[in-house]
1. Across segment 158-176, what is the total count of residues that are assigned to a strand (DSSP E or B) and in contact with a His (Cβ under 7 Å, 6 or more places away or on another chain)?
2. Got a sec? Which of S52, S60, S46 is touching a residue at least 24 places away in the same chain (Cβ under 8 Å) and within 13 Å of the chain's Cα centre (by Cα)?
3. Scan segment 110-155 for residues that are of a type in the set (S, T, N, Q) and open to solvent by less than 20 Å² (accessible area, probe 1.4 Å) and jot them down.
4. Any idea how many residues of segment 136-157 are in a strand (DSSP E or B) and either in contact with a His (Cβ under 9 Å, 6 or more places away or on another chain) or small (G, A, S) (or both)?
5. Considering only segment 110-135, state which residues are hydrophobic (A, V, I, L, M, F, W, C), under 12 Å from the mean Cα position of the chain (by Cα) and in a loop (DSSP other than H, G, I, E, B).
6. Answer yes or no as to whether V62 is part of a strand (DSSP E or B), crowded, with 16+ Cβ neighbours inside 10 Å, touching a helix residue (DSSP H, G or I) at 6+ places or on another chain (Cβ under 7 Å) and of a type in the set (A, V, I, L, M).
7. Out of the residues in segment 1-30 that are touching a strand residue (DSSP E or B) at 6+ places or on another chain (Cβ under 6 Å) and small (G, A, S), which is farthest from P117 (Cα to Cα)?
8. Can you tell me which condition T72 does not meet? The list is (1) hydroxyl-bearing (S, T, Y); (2) modelled with pLDDT under 95; (3) part of a strand (DSSP E or B), and all the others hold.
Amino acid sequence: MDFTRPVPPDPYSLLPAPATFELTSADFSPGEPMPSDHAADGGNTSPELSWSGFPEATRSFVVSCFDVDAPTPSGYWHWHVLDLPASVTSLARGAGAADGSGLPDDAFQLTSDGGQPGFEGAGPPPGDRAHRYVFAVHALDVDSLELTTDHTNVQAAFNVYFHTLARATLTGTYQR
């Protein structure tokens, strides 16, 4: 199959730029390949994420993972965690388990674009170029977006836009 196509821009570069803060992972470095245990066929384990420097007015966080290079017109959402309290500044490795057991009370995950609950690991088509997986943490001005597990990733992203005080991103790559 021919995967020749233009390289899409970072999706957040197309939106107004809010304040920023720092997002890091003990599992991979910015712009570098992610270990295979963060892939759909290698463990499907969400990476450790830690953040700091967000605005004092933050009332909650949303964490997401988006594959900007998926061969679709709209990318591919691998993960969305909603209603994380402002007191939470990290997610442990594996926090994206399908049953949500690694998340704090009241936080919840949406279904990935692949129909999987929780974190769906990197899964670019074999033979395609390395895909970029953009992990984002949004600091919000509300305690909750008032969404449920019945909402889609696009609905979450749309609602996040209107409540974002600041955003932190960390991009890893993966290729099969």
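1. Total meeting the criteria: 4.
2. The conditions single out S46.
3. Scanning segment 110-155 gives S112, N153.
4. Number satisfying all stated conditions: 4.
5. L110, F119 - these are the residues of segment 110-135 that are hydrophobic (A, V, I, L, M, F, W, C), under 12 Å from the mean Cα position of the chain (by Cα) and in a loop (DSSP other than H, G, I, E, B).
6. Considered against the rule, which asks whether it is part of a strand (DSSP E or B), crowded, with 16+ Cβ neighbours inside 10 Å, touching a helix residue (DSSP H, G or I) at 6+ places or on another chain (Cβ under 7 Å) and of a type in the set (A, V, I, L, M), V62 comes out as yes.
7. A19
8. All conditions pass for T72, except number (3).
The values are calculated or read from the model by the stated rules, or taken from the named source; none is laboratory data. Predicted model, so just to flag it, every value in this text is computed and none were measured. Virtual Cβ from ideal backbone geometry, glycine too; neighbours counted across all protein chains shown. Ligands, DNA and RNA are stripped out before the accessible areas are found, and what is left, the full protein with its side chains, is counted by its heavy atoms. Shrake-Rupley method; radii C 1.70, N 1.55, O 1.52, S 1.80 Å.
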